Amino acid sequence: MIRNMHLSIHTPCALILILCAFIGCSQPIASQSEFVLGTVCTITLYDKGKPQVYRDIFDRLREIDNRMSVTIHGSDIDRINKAAGIEAVKVHDDLFMVIEQAVHYARLSEGAFDPTVGPLVSLWGIGEENPWENPRENPRENPQVPSQDEIDNVLALINWQDVELDPVNRTVFLMKPGMALDLGGIAKGYAADEAAAIIKRARIPRAIVDLGGNILLVGEKRDKSLWNVGLQNPLDNRGAYLGIVRVAEKSVVTSGVYERYFVAQDGVLYHHIFSPSNGYPANNGLLSVTVISSISMDADALSTAVFVLGYERGRALIESLDDAEAVFVFDDMGVRKTFGVNFALTDDDYLLMPD
């Protein structure tokens, strides 16, 4: 929670990262966008892009959504959650792998990233908004701060170690009634990797996958220069960036307080990134964390984990890994980055601190 912060983002599902300065790229066939995975997803194919490749990508994204979305009745995740404490559920191989990775990052982050946070997400009701259609069903029509008793009750259900995985039979069992998986912190990353795989199989040399701000860059620009990715200014309108990360073939993913939130009557802003340890939105002086990695699923999970861990522990986690870098934006307008990030600050309101 953040007290008396007045954000001017026009939508709670604001685009996290803004691609800019594509000098050196040939003209693509028109980018295509669809609402899927709870956000607006945009694919841009350069050079050899074909309509069929676009269709294949969005078909795969919808398939992933239909298996991994907690809000779609009959999805694999929905079936797992309804069977919590009752029986194991057999799932598709891709979902089993994503849950395995979610548990891996829960272990790696000592529970800061926890895929069993579903009951807490439902309790607070800070939902998603579809800017093209009617909003998805929200557990609470008007989000509000739960009582401490309500929070304590659901905290008893949140424990990644109570997820039982059977790799032989490909089954998932939640050990306590009332438990619920929510893969919102990792599924989009996996989907971006799957989109990239389709693009590479089609031998398209360069492309941009933007799943609501989860950015994955395929290939390199024609002139061999680096891609430029603008990092959203957490305190400004969508599309206003505070700096630029320059990367080769990487994924760039941000978790921030401005993505989905509500402001309570006392002027406190409550965002959607919860601390599994106390049941409240993580409150550690960070406005956003951007993670850069070759694998988008890793960057997705890590951005959430690091945001919850906070700067010191989060940076230590990033620096313990071979393929991860990060940029941290603080509520005092300071910006820090890990050593390997090629980052240029462009907003004078912020101050880049020494590594």
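In debye, nearest 20: dipole of region 67-174 around its Cα centre with unit charges on the Cβ of K, R (+) and D, E (-)?
Values: 8 positive and 19 negative charges, 44 e Å.
Computed about the Cα centre, the dipole is about 220 debye.
Could you state the orientation-averaged shadow area of the convex hull built on the Cα atoms of region 67-174, in nm² to one decimal? List each step's numbers first, then the result.
Numbers: hull surface 31.4 nm².
Dividing the Cα hull surface by four gives the mean projection, 7.9 nm².
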Worksheet, complete the sentence: For the table Lys82/Lys250; Lys48/Lys337; Lys90/Lys250; Lys176/Lys337; Lys50/Lys188, the rows whose alpha-carbon distance is greater than 31 Å are Lys82/Lys250; Lys48/Lys337; Lys90/Lys250; Lys176/Lys337
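Using Cβ contacts closer than 10 Å as the measure, can you line up Ser109, Ser31, Ser288, Ser320 from fewest to most? All intermediate terms of the calculation are to be shown ahead of the outcome.
On the way: Ser109 22, Ser31 14, Ser288 26, Ser320 9.
Listing Ser109, Ser31, Ser288, Ser320 from fewest to most nearby Cβ atoms yields Ser320, Ser31, Ser109, Ser288.
How many percent of all Cα-Cα pairs in region 166-307 sit more than 24 Å apart?
Values: 4163 of 10011 pairs.
Every Cα pair in region 166-307 considered, those over 24 Å come to 42 percent.
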Discussion item. For Phe307, Phe35, Phe328, which order do you get if you count the other beta carbons within 10 Å of each Cβ and list the fewest first?
Written reply: Phe35, Phe328, Phe307
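Give me Tyr54, Tyr105 sorted ascending by neighbouring Cβ count inside 10 Å, so fewest comes first.
Numbers: Tyr54 19, Tyr105 23.
Fewest to most other Cβ atoms nearby, the residues stand as Tyr54, Tyr105.
Coordinate-derived values only; no laboratory data. As the structure is a computational prediction, the values presented were derived from the model and not from experiment. Glycine also receives a Cβ, built like all others from the backbone with ideal geometry; neighbour counts cover every protein chain displayed.
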